[in-house]
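The values are calculated or read from the model by the stated rules, or taken from the named source; none is laboratory data. These figures come from a predicted structure and were not determined experimentally. Using ideal geometry, Cβ is built from the backbone for each residue, glycine included, and neighbour counts are taken over all protein chains shown. The area values use the complete protein model at the heavy-atom level, side chains included, leaving out ligands, DNA and RNA. Shrake-Rupley method; radii C 1.70, N 1.55, O 1.52, S 1.80 Å.
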Amino acid sequence: MGTLTKETKLTLLYMAVAFFFSVAVRMIWYYQFADYEAFKFNGQFMINTNDGYFWAEGARDILAGVHQENDLSPTTTAASQLSALFAYILPFSFESVILFMPIFLSSLIVIPIILIAKSLDNLELGLVAALLASIGHSYYNRTMIGYYDTDMLNIVLPMFLLWSIIWAIKTNEDKYLIITALDILVYRWWYPQSYALELSFFGLILLYSLVFDRKNLYNYKLLAIMMFAMLNIDGFIRFPLVIAVFYIFRQEKFQKYSYHILAASIVLFFASGGFDPIWSQLKGYVFKDAVTAGEEGLKLHFYSVMQTVREAGHIPFNVFADRISGHVVTFIASVAGFIYLAYRHKIMLLALPLIGLGFLASVGGLRFTIYAVPVLAFGVAFLITEIARFMPTKRLKFLTIAAFSLAVLYPNIVHVQDYKVPTVFNSDEVKILEELKGIADREDYVVAWWDYGYPLRYYSDVKTLIDGGKHSGEVNFPVSFMLTNPQDISAKMARLDVEYTEKRFKFIKENEELIKDKNLTLFSNIEQMTKEHGFSDTNDFLLSLQTDLKLPEKTRDIYFYLPYRMMDIYQTVEMFSSINLMNAEMKNRSLFYASKSFKQEQNIVNLGNGISLDLKSATITINNQKAPIKRFVQTMYDKDMKLQKDIKVADSMAEINVIYMSNYNTFLVLDEKTYNSLYVQLLVLEEYDRTLFEEVITSPQAKVYKLKI
Ligand code: MN
């Protein structure tokens, strides 16, 4: 180490300190739950983000070397490939690898931050900004331990890109041309939607070149090599291409062609369709509608996920500020500090796209705030180091920096301590999925709401109809229909939807060229079913499910996974099939009310939300309206964990049913439709039709049934 300069040593030291700090803070969760067995599986904590099971499935299959056709396993994605690599070379269990990957990868953010500060000759700025950015509220939330998702590198990679373009423009050194291009290649590999930020950087550099530095050939070389790296073609072609371009740029005799090369790169960019994703994005914003209609044919209307997953909407300023800087005061100081920093060091204006994306949060949803965290951390860190500059002694300088740094870090650390996110599943649920893995074949389908799709595929290695990425209105409709309709109808829909799903995959594979050439949109399964059964009105087809309609040939088994935790989302699940597909009219909501906190006073049980039960007169009061009760059901597990139930019919003409699930301490208030739904009949009452279903796994957490037809 003797040859390293003092500055280099200090840079490395700061990086190490900040990295260690970032990792240590992320371990707080680990120690908070150290003894909590419900969060563990195979002796390790489970992950806490649903989408993580998607990448985990891909990584598992890469390591296994095989996966099933059309099982939607993402074996070609970067996150799965990198995870598989780590799991392969590191001496830890797969569970440990995916649990800890976010900690170590996201902490790498301190490196570009400190390197950027180094280019401003202010290493202390880098250290303070790195400490704050690494644990900044929203950055922490999406990169904490077990938050196994692409977020773990989604900010790190553009920060490296920012570093390399800053250094490129400041030094005009050739090596930053290739570093920038490689950055883009890696970033695009990791996160295919990265084009938006890359293009913004490109535009900003172009603007900067035209306004301030028009004669500098280097800038155009930088732009050209960036454009080549961004072409909408396979990475394996772009990689040698940027190497070749870099080689040409290094040759004296080719200098005069630099402009031509830039022009060529731009033409190629458009020709390769590099701009297409931006177009479709814009189109998506313009036509953001509640219901999506089919292109032709029956023009069915489906309920859109956008209506339920709404993290957008109006975000209060203090939430926004907290998420970016940890505190409103820090946020304001950060914005002011960044303006001052950009004034003193114009080069920092190159960071504007990241801030812009962060501020998109106010329209695009909270998840965008994460992009502004590192850049605005520079703002407050710059103010701190500027204040310290006025201090007369070295000691006072140090104390100033330390005191202010602690002050800005403090709210973020408090947040970390309070942010006790649970794992996606608990260990009992995962045991069920593990058991199912031993029962179901890999080609079999498990019907479940999309929230359970990825975990089911990871733990049980089965196929699913919907999941965290495949949950549009048209694919959700049949599943929603199955869970909320009577079991005989649902059973038929299950067989239909599974066989139609497989048929669709086959059709797409056999007609790949045709679909691409004509830009075909395939009809939904439900539309295909309607037509193939000779109907022109989907409602008529749905009604025909009550009759003996012809079912497709059975190619595999189908299971139903019904977790108790779906109680919380039953009404959301139902929404997707409560729409009249022909005219987009929403049907009346059915009654499903679950109460886990209730109070009994004599013969009145108060279930909350203005709902109370009169045990003596067998009536229920909802919003001051008294109604008779049809059935009063009590369920309980006996010593052998067999479900026992006691059903009392109070008024056979009434419409409302009450179920008391005594072991769960849960009251359910249901109308007839909900009472007769597959979910309630099979999960809550274990009242299943022996000709249609077979009980496979029953546990208080979830029940699994096998379809017999
Ligand atoms: Mn599989």
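Size of the chain: Rg and Dmax of its alpha carbons, in Å, are 29.2, 98.
Highest mean first, how do 504-514, 158-168 rank when packing is the count of other Cβ atoms within 10 Å averaged over residues? Intermediate results must be reported in sequence, preceding the final value.
Details: 504-514: 12.3, 158-168: 24.1.
Peptide ranking by packing, descending: 158-168, 504-514.
Measuring how big region 427-566 is from its alpha-carbon positions, Rg and Dmax come out at 15.8, 49 Å.
Quick one: of the DSSP bridges fully inside the chain, what percent are antiparallel, nearest 5?
Values: 48 of 59 bridges.
Close to 80 percent.
Rounded to the nearest 10 degrees, the angle from helix 156-171 to the longest Cα principal axis of the chain is 20 degrees.
Counting heavy atoms of the protein chains alone, ARG389 has an accessible area of about 140 Å² for a 1.4 Å probe.
Quick one: if the Förster radius is 22 Å, what FRET efficiency do GLU435 and LYS708 give, using the C-beta to C-beta distance and rounding to 0.05? With R0 = 22 Å, the Cβ-Cβ based efficiency is 0.65.
Among the listed pairs LYS587/LYS630; LYS492/LYS706; LYS6/LYS170; LYS299/LYS470; LYS550/LYS708, which have their C-alpha atoms separated by more than 19 angstrom in this model? Show your work: numbers first, answer last.
Numbers: LYS587/LYS630 23 Å; LYS492/LYS706 13 Å; LYS6/LYS170 22 Å; LYS299/LYS470 21 Å; LYS550/LYS708 15 Å.
Those over the limit are LYS587/LYS630; LYS6/LYS170; LYS299/LYS470.
Calculated on the alpha-carbon coordinates, the convex hull of region 405-506 measures out at 165 cubic angstrom per residue.
Would you please give the FRET efficiency between LYS596 and LEU352, computed as 1/(1 + (r/R0)^6) with r the Cβ-Cβ distance and R0 = 41 Å, to the nearest 0.05? Before the final figure, lay out each step's value.
Numbers: r = 48 Å, r/R0 = 1.18.
Given R0 = 41 Å and the Cβ-Cβ separation, E is 0.25.
Convert 10 °C to kelvin, take the viscosity as 1.306 mPa s, use the Kirkwood radius over C-alpha pairs of region 149-233 as Rh, and evaluate the Stokes-Einstein diffusion coefficient in µm²/s, rounded to a whole number. Let's see the in-between values first.
Values: Rh = 12.9 Å.
The diffusion coefficient I find is 123 µm²/s.
Legend: residue pairs LYS639/LYS703; LYS40/LYS642; LYS503/LYS703; LYS431/LYS642; LYS437/LYS509, Cα-Cα distance threshold 21 Å; pairs beyond threshold, LYS40/LYS642; LYS503/LYS703; LYS437/LYS509.
Based on DSSP H runs of at least 4 residues, each adding -39500 (n - 2.57), what is the mean residue ellipticity at 222 nm of the chain after dividing by all its residues, to the nearest 500 deg cm²/dmol? If you can, show how the numbers build up before the last one.
Numbers: 30 runs with 372 residues, N = 709.
Value at 222 nm, helices only: -16500 deg cm²/dmol.
Cross-link partners of LYS253 among lysines, defined as those whose alpha carbon lies under 19 angstrom from its own and excluding same-chain residues fewer than eight positions apart: LYS175, LYS215, LYS221. Note on exposure: THR171, THR385 ranked by accessible area (1.4 Å probe, complete protein assembly) read THR171, THR385, with the most exposed listed first.
Please work out the average accessible area per residue across the chain, using the 1.4 Å probe convention, and give it in Å². Spell out each step's value before the answer.
Numbers: 32260 Å² over 709 residues.
I get 45 Å² per residue for this part.
Taking every protein chain into account, the 1.4 Å probe leaves HIS471 with about 40 Å² of accessible area, to the nearest ten.
Backbone geometry of region 544-549 corresponds, through the Karplus equation with coefficients 6.51, -1.76 and 1.60 at θ = phi - 60°, to 3J(HN,Hα) couplings of 5, 5, 7, 9, 8, 7 Hz, x marking Gly and Pro.
Across the accessible surface of region 6-418, with the other protein chains kept in place and a 1.4 Å probe, carbon and sulfur atoms take up 66 percent. Ordered from highest to lowest accessible area with the whole protein assembly present and a 1.4 Å probe, ARG367, ARG214, ARG142 read as ARG214, ARG367, ARG142. Determine which residues of region 663-681 fall in the zone a paramagnetic label at MET636 would reach in this model, i.e. backbone nitrogen under 18 Å from the point 7 Å along Cα→Cβ. Zone members listed by number: 663-668.
Could you give the Stokes-Einstein D for region 6-418 in µm² per second, using the C-alpha Kirkwood radius, 37 °C, 0.692 mPa s?
Values: Rh = 23.0 Å.
The Stokes-Einstein estimate is 143 µm²/s.
Accessible area of ILE315 (1.4 Å probe, protein heavy atoms only, ligands and nucleic acids ignored): about 20 Å².
Computed over region 589-707, the quotient of the alpha carbon radius of gyration and 2.2 N^0.38 Å is 1.09.
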